[in-house]
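Report on one structure; see the data block that follows.
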Amino acid sequence: MTVPAVDPALIADLVARALAEDVGTGDVTNAATVPPGTRATARVRQKAPGVVYGLTAAAEAFRQCDPDAVFTALTEECAWREDGPVFEVAGDAAALLTAERTALNFLGRLSGVATMSARYARAVAGTGATIIDTRKTTPGLRLLEKAAVAAGGAANHRIGLFDAVLIKENHAAMAGGVGAAVTAAKAYAAAAGRDLLVEVEVRDLTEIDEALAAGAPRLLLDNMSVDALRAAVAHIAGRAETEASGNVNLDTVRGIAETGVQFISVGALTHSAPTLDLSLILTPEKDAL
């Protein structure tokens, strides 16, 4: 799998914003209970099956609270496993405690997305279909969440509104129909000198024929039953790429994939992924092994 690189400066900024939100004017619990200068080692453990992803963001949280903290990964990212140690970090005890929740929020969220993506990718294995994500992401975290999707073994659709044309029914209505919308989109891309994917949502065989006549390279078969999807794929007969969306969950996705569609878009990869269960145990330096 290829996981898209995320700019370290973006990660640092996101972590800084998250820490500022959490710490505010200062960690009063630390101030009340942790003697200055106390050192400790924190170890994080994965407590449920899944894919770990997000170690860079977790490490950045500890680094921002203690620039001298020593972070050691204890597992590789992007691989499915049942449980086990994830990382340890040694440094100022108060700093480690301040960074704990921010680090685990990033790591748990991104690992949850990677885990959900892995479950879907596994569900369609051997069918030839590719699971892809959507723009239903957490505001501000899209690039990290899309990297997590890839880490889990699924694939990325467009990043935003700027890198591909996706004509939905409302766009088509404004343009004068599916065929007219495709024609306009292809002309726009050509005039701009951009190699943009042009995809159009279609709801029945009539709209499929309009899209094909206009030369649409990919058709989004929206909210169709499995039987309708199978008929649509047979009708299209390789004249355009096919993507299914709507009514997709882990119980239905295999049947959808077996209709012959090439892509299945799943908003749940990002909008419904539960956080991976992680725990952090802090050991004072004098007690550390």
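No lab work stands behind these numbers, since they all come straight from the coordinates. As the structure is a prediction and not an experimental result, all values here were calculated from the model. Using ideal geometry, Cβ is built from the backbone for each residue, glycine included, and neighbour counts are taken over all protein chains shown.
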Selection from segment 144-196 of residues part of a helix (DSSP H, G or I) and touching a residue at least 60 places away in the same chain (Cβ under 8 Å) yields 144, 145, 146, 147, 148, 149, 150, 151
Which fully enclosed strands (runs of 3 or more DSSP E) of segment 10-105 have 1 or more residues being among the basic types (Lys, Arg) and over 17 Å from residue 277 (Cβ atoms)? 39-46
How many residues are surrounded by fewer than 15 Cβ atoms within 10 Å (Cβ to Cβ) and not β-branched (Val, Ile, Thr) when one looks only at segment 27-42? 5
Filtering segment 143-154 down to residues that are under 30 Å from residue 211 (Cα atoms) and either in contact with a Phe, Trp or Tyr (Cβ under 8 Å, 6 or more places away or on another chain) or charged (D, E, K, R) (or both) yields 146, 154
For residue 139, work out the one condition from (1) over 30 Å from residue 52 (Cα atoms); (2) of a type outside the set (Gly, Ala, Ser); (3) surrounded by fewer than 17 Cβ atoms within 10 Å (Cβ to Cβ) it doesn't fulfil. (1)
Taking interchain pairs and intrachain pairs at least six residues apart, which have beta carbon atoms under 8 angstrom, with the first residue in segment 127-141 and over 23 Å from residue 106 (Cβ atoms) and the second in a loop (DSSP other than H, G, I, E, B) and among the charged types (D, E, K, R)? 127/258
Do any strands (runs of 3 or more DSSP E) entirely within segment 201-278 hold 1 or more residues that are in contact (Cβ under 8 Å) with a residue 60 or more places away in the chain and buried (at least 22 other Cβ atoms within 10 Å of the Cβ), and if so, which? 241-245, 263-265
